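The values are calculated or read from the model by the stated rules, or taken from the named source; none is laboratory data. These numbers were taken from a predicted model, which means no experiment stands behind them. FYI the Cβ positions are ideal-geometry reconstructions off the backbone, even for glycines, and counts take in every protein chain you see. Side chains included, ligands, DNA and RNA excluded: accessible areas come from the protein's heavy atoms. Shrake-Rupley method; radii C 1.70, N 1.55, O 1.52, S 1.80 Å.
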Amino acid sequence: MATEILMPALSPTMEEGTLAKWLVTEGDVVKSGQIIAEIETDKATMEFEAVDEGVVGKILVAEGTAGVKVNTPIAVLVEEGESAEAAPAPAAAAAPAPAAASAPAPAAVAAPAPVVSNASADWPEGTPMKTMTVREALREAMAEEMRGDGTVFLMGEEVAEYQGAYKISQGLLDEFGAKRVIDTPITEYGFAGIACGAAFGGLRPIVEFMTFNFAMQAMDHIINSAAKTLYMSGGQMGCPIVFRGPNGAAARVGAQHSQDYAAWYAQVPGLKVVMPYSAADAKGLLKTAIRDPNPVVFLENEILYGRSFEVPALEDFTIPFGKAKIWREGTDVTLVSFGIGVSHALEAAQTLAAEGISAEVIDLRTLRPLDYDTVLASVMKTNRCVTVEEGWPVASIGNHLSAVIMERAFDYLDAPVINCTGKDVPMPYAANLEKLALITPDEIVAAVKKSPTAEGEREWQPKS
């Protein structure tokens, strides 16, 4: 069927342009994506690609014509053997619709979908367990995936000869060799870009940043290259890559080594963002991240590397993204956190329990995708929520969750959601100031017991 080729809009403010040059003539066969004309505006000359395939049946606007309005038919595309006269006539301007005699009845409002928690056991009951540190779990996850997939490789500063700045990659060089465990110069921008190129080419790089504070150097590649390529290429090119390393506060290493950027990355469409707390989650989620066809930012916590947890002794243990974990069930308040914040929330819950307050502790585990339903189902049960994270208070994960809870569970709230975060300062170096900058279990307890109201604040009131 004949179709019209319309004058394109080449910028949000452009209403007309000059059809500077035709690159096809009547009778030419055109393929989708072929450059068929050049359009000039007051700012630039731009190439105009064909969207559809067919034969140029008729050129309606001669080259050199200025002031051609956007959406004006400039040519007709026909199928083989079809006449250009078959092109539909330009549509006449639509007459204004007559005023309605009476307002239509409001459409029936669909009932909201029920909120169902996604939380469930990550492994079958009775599964044998083994104890390992978060460091060992991360190493085991990478080793298993590298054994199973020859396109997976690790690169970063000190990951090979030095066995990893935090010994996460210990032993990997010996097993997989220097072509798959690659030391890089101290240039995050450079090696992150090389890794993105490798991912575009079909490999699956794991990029270790010595700290995500240094990943600031590579932000252009993480966001503009890795995160956006699948969308901008119309799904023709992906970037299967994992950016991993410590994120958040360490101990007396100052503002350039000790900040939590989880909320930054979670804001970016195209990225998947993970921040585990336990060794089991570190292993199961990292294996999922390595297999994911999209770029994944995998945020670890340096303080947790040496802590031990139970990990299921399964041959191929993975945890899906977008599924939160309930560490402790409760009825009076929901504490939502991720990463090392979970340990603070669990400690606070223990303190609250001694005072007769039952707190449910939820570990988000993945921040993008985020398991909203598990949080909402909990809040609908407890009617209160306190979020916990190390990051800064402005535009935090807790801020986002508060908005979602207010929108989807407002009628269930007995008090406003409170966000417990790190303080709004660069991380101090001095130990006493660093301690004051970090969120503490005592602050979480205080937030639960002191709920703000329109009149001020009130102490904890048990459910009636």
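Provide a single number: the residues in the stretch 207-237 that are part of a loop (DSSP other than H, G, I, E, B) and either under 21 Å from Met155 (Cα atoms) or of a type in the set (A, V, I, L, M, F, W, C) (or both).
So the answer is 6.
Given the options Pro114, Pro96, Pro90, Pro106, name the one that is open to solvent by 90 Å² or more (accessible area, probe 1.4 Å), at pLDDT 80 or above and over 30 Å from Glu315 (Cβ atoms).
Pro114
Please go through the stretch 310-325 and give me each residue that is open to solvent by 50 Å² or more (accessible area, probe 1.4 Å), touching a helix residue (DSSP H, G or I) at 6+ places or on another chain (Cβ under 8 Å), in a loop (DSSP other than H, G, I, E, B) and in contact (Cβ under 8 Å) with a residue 60 or more places away in the chain, ordered by number.
Asp316
Only one of these is open to solvent by less than 70 Å² (accessible area, probe 1.4 Å) and not assigned by the TED database to the domain that holds Ile362: Ala121, Ala160. Name it.
Among Ala121, Ala160, only Ala160 is open to solvent by less than 70 Å² (accessible area, probe 1.4 Å) and not assigned by the TED database to the domain that holds Ile362.
Give me the residue from the stretch 107-163 that is touching a Leu at 6+ places or on another chain (Cβ under 6 Å) and among the β-branched types (Val, Ile, Thr) and, out of that set, nearest to Glu300 (Cα to Cα).
Only one residue tops the list, namely Val134.
Being among the aliphatic types (A, V, I, L, M) and touching a helix residue (DSSP H, G or I) at 6+ places or on another chain (Cβ under 8 Å) is the filter; apply it to the stretch 221-243 and report the residue that is nearest to Lys287 (Cα to Cα).
The qualifying residue nearest to Lys287 (Cα to Cα) is Val242.
Within the stretch 298-321, can one find any residue that is in contact with a strand residue (DSSP E or B) (Cβ under 9 Å, 6 or more places away or on another chain), assigned by the TED database to the domain that holds Val207, under 25 Å from Ile223 (Cβ atoms) and acidic (Asp, Glu)?
yes
Take the residues in the stretch 28-42 that are open to solvent by 50 Å² or more (accessible area, probe 1.4 Å) and of a type outside the set (A, V, I, L, M), then tell me which one is modelled with the lowest pLDDT.
Asp42
Collect the residues in the stretch 419-445 that are surrounded by 14 or more Cβ atoms within 10 Å (Cβ to Cβ) and hydrophobic (A, V, I, L, M, F, W, C), keeping them in residue-number order.
Of everything in the stretch 419-445, those that are surrounded by 14 or more Cβ atoms within 10 Å (Cβ to Cβ) and hydrophobic (A, V, I, L, M, F, W, C) turn out to be Cys420, Met427, Ala437, Leu438, Ile439, Ile444, Val445.
Taking the stretch 222-244, which residues are touching a Ser or Thr at 6+ places or on another chain (Cβ under 6 Å) and within 24 Å of Ile168 (Cβ to Cβ)?
Cys239
Scan the stretch 107-151 for residues that are among the polar types (S, T, N, Q) and in contact with an Asp or Glu (Cβ under 9 Å, 6 or more places away or on another chain) and report the count.
3
Is it the case that the stretch 195-203 has a residue that's out of contact with any Gly (no Cβ under 9 Å at 6 or more places or on another chain), buried (at least 20 other Cβ atoms within 10 Å of the Cβ) and not in a helix (DSSP H, G or I)?
The answer is no; no qualifying residue exists.
Taking the criterion of being acidic (Asp, Glu), under 26 Å from Asp371 (Cβ atoms) and touching a strand residue (DSSP E or B) at 6+ places or on another chain (Cβ under 9 Å), would at least one residue in the stretch 395-409 satisfy it?
No, the stretch 395-409 has no match at all.
Which of the numbered conditions does Asp149 fail, given that it passes all the others? Conditions: (1) exposed (fewer than 15 other Cβ atoms within 10 Å of the Cβ); (2) under 24 Å from the mean Cα position of the chain (by Cα); (3) closer than 21 Å to Glu315 by Cα; (4) of a type outside the set (Val, Ile, Thr).
(2)
Against the definition (touching a helix residue (DSSP H, G or I) at 6+ places or on another chain (Cβ under 6 Å) and open to solvent by 50 Å² or more (accessible area, probe 1.4 Å)), how does Arg328 come out, yes or no?
yes
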